[in-house]
Amino acid sequence: MSCLFCKIVEGAIPSTPVYQDPLCYAFADIHPQAPVHVLVVPREHIASMIETDQSDQALLGHLLLAAAEIARNKGLGDGYRIVVNTGNDGGQTVDHLHLHLLGGRAMTWPPG
Ligand code: AMP
Ligand code: ZN
């Protein structure tokens, strides 16, 4: 499997773990864009939201709730942002579905 995040999930490429459970793994982004920048990925390889369907409903909900739990553990009670870059137009650079959890500073809108 040549996927970068699959290798990180397997431990073949090192990462800084933040949270893990049977369905997902969360680790620190290597180029943080905020004081807290965590990536939450499913252990199962799913390329992007484009590939998802109803069968992924529980897993996608699980990823969101995992991100919210990590945010609580990181003390982000004033808020945070969850981003899922999707496909070429969405600015996705790693083709393994991932949630960005960003916090610890005020975010701006609109995004670039
Ligand atoms: P995206 O552009 O939404 O596909 O996000 C990919 C993210 O993965 C970027 O924020 C990168 O900084 C991050 N990233 C790439 N390689 C690694 C790595 N080896 N460990 C942790 N984060 C990474
Ligand atoms: Zn993968």
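The values are calculated or read from the model by the stated rules, or taken from the named source; none is laboratory data. This is a predicted model, so every value here is computed, not measured. Every residue, glycine as well, gets a Cβ built from its backbone with ideal geometry; the counts of neighbours run over all protein chains shown. Each accessible area value is taken on the protein alone, full model and side chains, heavy atoms only, with ligands, DNA and RNA left out. Shrake-Rupley method; radii C 1.70, N 1.55, O 1.52, S 1.80 Å.
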Could you check residue 8 against (1) aliphatic (A, V, I, L, M); (2) open to solvent by less than 40 Å² (accessible area, probe 1.4 Å); (3) in a helix (DSSP H, G or I); (4) more than 11 Å from ligand 1 (Cβ to nearest atom) and say which number it fails? (4)
Selection within the stretch 61-80 - surrounded by fewer than 16 Cβ atoms within 10 Å (Cβ to Cβ) and not small (Gly, Ala, Ser): 64, 65, 69, 72, 73, 78
Spot the failing condition for residue 31; the list is (1) touching a residue at least 40 places away in the same chain (Cβ under 8 Å); (2) surrounded by fewer than 13 Cβ atoms within 10 Å (Cβ to Cβ); (3) over 15 Å from residue 99 (Cβ atoms), and only one is missed. (1)
For residues that are open to solvent by 30 Å² or more (accessible area, probe 1.4 Å) and within 16 Å of ligand 2 (Cβ to nearest atom), scanning just the stretch 81-93, find the one that is nearest to residue 31 (Cα to Cα). 93
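So is residue 50 within 15 Å of residue 85 (Cα to Cα) and either touching an Asp or Glu at 6+ places or on another chain (Cβ under 6 Å) or part of a loop (DSSP other than H, G, I, E, B) (or both) or not?
On the way: within 15 Å of residue 85 (Cα to Cα): yes; either touching an Asp or Glu at 6+ places or on another chain (Cβ under 6 Å) or part of a loop (DSSP other than H, G, I, E, B) (or both): no.
Against the criterion (within 15 Å of residue 85 (Cα to Cα) and either touching an Asp or Glu at 6+ places or on another chain (Cβ under 6 Å) or part of a loop (DSSP other than H, G, I, E, B) (or both)), residue 50 does not qualify.
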What pairs can you find where one residue is in the stretch 82-103 and farther than 14 Å from residue 46 by Cα and in contact (Cβ under 8 Å) with a residue 24 or more places away in the chain, the other is within 15 Å of ligand 2 (Cβ to nearest atom) and open to solvent by less than 50 Å² (accessible area, probe 1.4 Å), and their Cβ atoms are less than 7 Å apart, with a gap of 6+ or different chains? 100/39; 101/40
Can you name the number of the only condition in (1) more than 16 Å from ligand 2 (Cβ to nearest atom); (2) among the hydrophobic types (A, V, I, L, M, F, W, C); (3) assigned to a strand (DSSP E or B) that residue 27 fails? (1)
Could you list, ordered by first residue, the pairs with Cβ atoms under 8 Å in which the first is in the stretch 1-21 and away from ligand 2 (no atom under 13 Å from the Cβ) and the second is open to solvent by 80 Å² or more (accessible area, probe 1.4 Å), at least 6 apart or interchain? 19/73
